[in-house]
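Chemist: Questions regarding the structure given below will be posed in turn.
The values are calculated or read from the model by the stated rules, or taken from the named source; none is laboratory data. Owing to the predicted nature of the structure, the values given are computational and were not obtained by experimental measurement. FYI the Cβ positions are ideal-geometry reconstructions off the backbone, even for glycines, and counts take in every protein chain you see. These area figures cover heavy atoms from the full protein model, side chains too; ligands, DNA and RNA do not enter into them. Shrake-Rupley method; radii C 1.70, N 1.55, O 1.52, S 1.80 Å.
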Amino acid sequence: MQTEFDADVIVIGAGPVGSTALAILGRTGLTAIGLEKAPTVWPAARAVHFDGETFRTLQTLGATERFSQVTIPMASMHIQNEAGEVLVSVPTGRFGSQAWHDDLNFHQPDLEATLRDIITELPGVELRCGITASGVENIDGGVAVTTLDAEGQQSVLRARWVIAADGARSAVRQSLGIDTDRFGEDAQWIVVDGHLVDSPGLADDMIFLGHHTRPALWVRLPGTRVRMEFMVMPGDDLEEIVTADAIERISHGVLPVDKFTPDRQAVYTFRGRIAQRWRDGGIFLAGDAAHQAPPLFGQGLCAGIRDIANLCWKLDLVKRGAADDALLDTYESERKPHAQFWVEQAANAAGFVQTTDAGVAAQRDAFLREHPEAAAPVPPRLGPGLHHGERDERAGALSIQPMLADGTRLDDMVGAHFVVAATREVYQALPPGVREALDADGDIVTLLDPAKIQQLLDSVRADALVIRPDRYILGVADSAEDLEQLIRDIPSISVTSPVPVAG
């Protein structure tokens, strides 16, 4: 007997990653139920930064104006040493390859509230707060989730899949017996969030203070909000060090008692972890449940949003029968090496920034003067999966997003589809049956107009390319034969439904 499902997907955890998953699933057309144990948006900030790729993903939700209202572009960032010398200054505040600012700061509760407003507007998805997922198990054809409400009432929900976005201490990951691999050394830090009024703070929007006497971090957030983080040093009293007087002392007066009103003053641990498995049957780990990184490159939340962007369109294709279940195995194979790159980079950088040895700090300073590029690693390509990166380094990489002459961003025109962009010469040389299949496939948009695609083609130095719904490049081509092979690799190509050809 076939299992009856309450939804296509159950999402456990409604932080930014889980909420984004619900919103994307709703936009895609899948039904989804979100479960969040907290009754309301968590009032304290955790993540405070994301990049242009993340904003490009949020763009797919059709509410960029609302997200712009709760974010600010980061205008400046540098690393300085104990003497106040600027070792590296990283260019920020610019529009990057994703047609958004490369770096943005935000107050997490405001971002989460915006995402939850969007969820309420979408058919087929709902968020249930004050509900704890007390058990998760694979069943025939799906997953069963046992829940407890605030009154202790137990019930069971069933879905085809579960996305566990339930944080670093993921109960789902632990219940499945999935261990994590450790990267770098754990270190305790003090995080301080709040409002700084009538006091200048520090000049830049983000500063890594490589002070061997006490490493620290400064971040300017929207409005009067700021964040500072300080490494816990030997001899610190963990109760005294989070008092207002102590914060003024260790911030060297940057956060004075009479000018700074804290929202949070707490001790937490910088750690680097990667879950050894990201899939167990119909259960997928995402966000901090799958990976955690010290916040040195601000890629923690970005990595979680990439997880969701990678997984949701694949779930949609499998649900509709346009792809085999094996496509879902490419989630871990593609995302895990990509996330691990950033965890390793952050763990290595943490060793740089948080050294408390004056001699090691001097060596670090000399290295960064000679190698400033180390402060801004080049993002990696995806791990093995649905792309041709194994034989062409241009594939498996994130595509650019062109801004058209009228100010339109390309994604707003093509939507969350596969994109085939080609010169007319290459397109016309395709076999008629391939062109007909392109025209008939509702999951593919074909672009031929040079005004819309020339930036894309120039970026990969090719005459054609195929871009996936998550905006990563499936492959590039310089001939009709190569393009035909790429097109045949699109999972849905045999599915026929009308689609307009843009261009």
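Chemist: Among the residues of the range 124-139, is any more than 20 Å from residue 286 (Cα to Cα), open to solvent by 30 Å² or more (accessible area, probe 1.4 Å), modelled with pLDDT under 95 and not in a strand (DSSP E or B)? Even if it seems obvious, please write down each step before you answer.
Modeler: Filtering the range 124-139 for residues more than 20 Å from residue 286 (Cα to Cα) gives 124, 130, 139.
Now restrict to residues that are open to solvent by 30 Å² or more (accessible area, probe 1.4 Å): 124, 139.
Restricting the remaining residues to those that are modelled with pLDDT under 95 gives none.
No, that holds for no residue.
Chemist: Select from the range 395-407 the residues that are part of a loop (DSSP other than H, G, I, E, B) and at pLDDT 95 or above and list them in ascending order. I'd like the intermediate steps shown before the answer.
Modeler: Keep residues of the range 395-407 that are part of a loop (DSSP other than H, G, I, E, B), which gives 395-397, 399-402, 404-407.
Across the range 395-407, the qualifying residues are 395, 396, 397, 399, 400, 401, 402.
Chemist: Further question: If you check residue 185 against the conditions, is it out of contact with any strand residue (DSSP E or B) (no Cβ under 6 Å at 6 or more places or on another chain), farther than 24 Å from residue 49 by Cα and either open to solvent by 20 Å² or more (accessible area, probe 1.4 Å) or part of a loop (DSSP other than H, G, I, E, B) (or both)?
Modeler: Numbers: out of contact with any strand residue (DSSP E or B) (no Cβ under 6 Å at 6 or more places or on another chain): yes; farther than 24 Å from residue 49 by Cα: no; either open to solvent by 20 Å² or more (accessible area, probe 1.4 Å) or part of a loop (DSSP other than H, G, I, E, B) (or both): yes.
Criteria not met by residue 185.
Chemist: A follow-up question, please. Those residues that are open to solvent by 30 Å² or more (accessible area, probe 1.4 Å), closer than 18 Å to residue 311 by Cα and not in a loop (DSSP other than H, G, I, E, B), I need them from the range 259-299; list them, please.
Modeler: Passing the criteria: 279, 280, 288.
Chemist: Right, next: Do we have any residue at all in the range 359-370 that's under 26 Å from residue 479 (Cα atoms) and open to solvent by less than 10 Å² (accessible area, probe 1.4 Å)?
Modeler: Taking the range 359-370 and keeping what is under 26 Å from residue 479 (Cα atoms), we get none.
No, every residue in the range 359-370 fails to be under 26 Å from residue 479 (Cα atoms) and open to solvent by less than 10 Å² (accessible area, probe 1.4 Å).
Chemist: To continue, here is another question. Please tell me if residue 293 is more than 18 Å from residue 381 (Cα to Cα) and in contact with a Gly (Cβ under 7 Å, 6 or more places away or on another chain). Before you say what the answer is, go through the steps one by one.
Modeler: Details: more than 18 Å from residue 381 (Cα to Cα): yes; in contact with a Gly (Cβ under 7 Å, 6 or more places away or on another chain): yes.
The answer is yes for residue 293.
Chemist: Still on this structure: Any idea which residue in the range 334-358 is nearest to residue 233 (Cα to Cα), counting only those that are open to solvent by 60 Å² or more (accessible area, probe 1.4 Å) and at pLDDT below 90?
Modeler: As a first pass, look at the range 334-358 and keep what is open to solvent by 60 Å² or more (accessible area, probe 1.4 Å): 337, 344, 348, 352, 356-357.
The next check asks that each one be at pLDDT below 90; those that pass are 348, 352.
Working: 348: 20, 352: 16 Å.
By that ranking, first place goes to 352.
Chemist: Name every residue in the range 28-55 that is of a type outside the set (S, T, N, Q) and open to solvent by less than 10 Å² (accessible area, probe 1.4 Å), in order of residue number. It would help to see each step written out before you state the result.
Modeler: Going residue by residue through the range 28-55, those that are of a type outside the set (S, T, N, Q) are 29-30, 32-39, 41-53, 55.
Hits for the range 28-55 are 30, 32, 33, 34, 35, 45, 50, 52, 55.
Chemist: Check whether at least one residue in the range 304-317 is open to solvent by less than 20 Å² (accessible area, probe 1.4 Å), polar (S, T, N, Q) and farther than 30 Å from residue 242 by Cα, and report yes or no.
Modeler: yes
Chemist: Tell me the residue from 198, 166 that is open to solvent by 60 Å² or more (accessible area, probe 1.4 Å), at pLDDT 95 or above and in a loop (DSSP other than H, G, I, E, B), please.
Modeler: On the way: 166 fails: open to solvent by 60 Å² or more (accessible area, probe 1.4 Å).
Among 198, 166, only 198 is open to solvent by 60 Å² or more (accessible area, probe 1.4 Å), at pLDDT 95 or above and in a loop (DSSP other than H, G, I, E, B).
Chemist: Output the residues belonging to the range 202-255 that are in contact (Cβ under 8 Å) with a residue 24 or more places away in the chain and of a type in the set (Ser, Thr, Tyr).
Modeler: Our first condition is that a residue be in contact (Cβ under 8 Å) with a residue 24 or more places away in the chain; within the range 202-255, this holds for 202-233, 238, 241-242, 247, 250-251, 254-255.
Across the range 202-255, the qualifying residues are 213, 224, 251.
Chemist: Looking only at strands (runs of 3 or more DSSP E) that lie completely in the range 1-69, which have at least 3 residues being among the β-branched types (Val, Ile, Thr) and either in contact with a helix residue (DSSP H, G or I) (Cβ under 9 Å, 6 or more places away or on another chain) or within 30 Å of residue 151 (Cβ to Cβ) (or both)? It would help to see each step written out before you state the result.
Modeler: Details: elements: 7-12, 32-36, 49-51.
Of the strands (runs of 3 or more DSSP E) lying wholly inside the range 1-69, those with at least 3 residues that are among the β-branched types (Val, Ile, Thr) and either in contact with a helix residue (DSSP H, G or I) (Cβ under 9 Å, 6 or more places away or on another chain) or within 30 Å of residue 151 (Cβ to Cβ) (or both) span 7-12.
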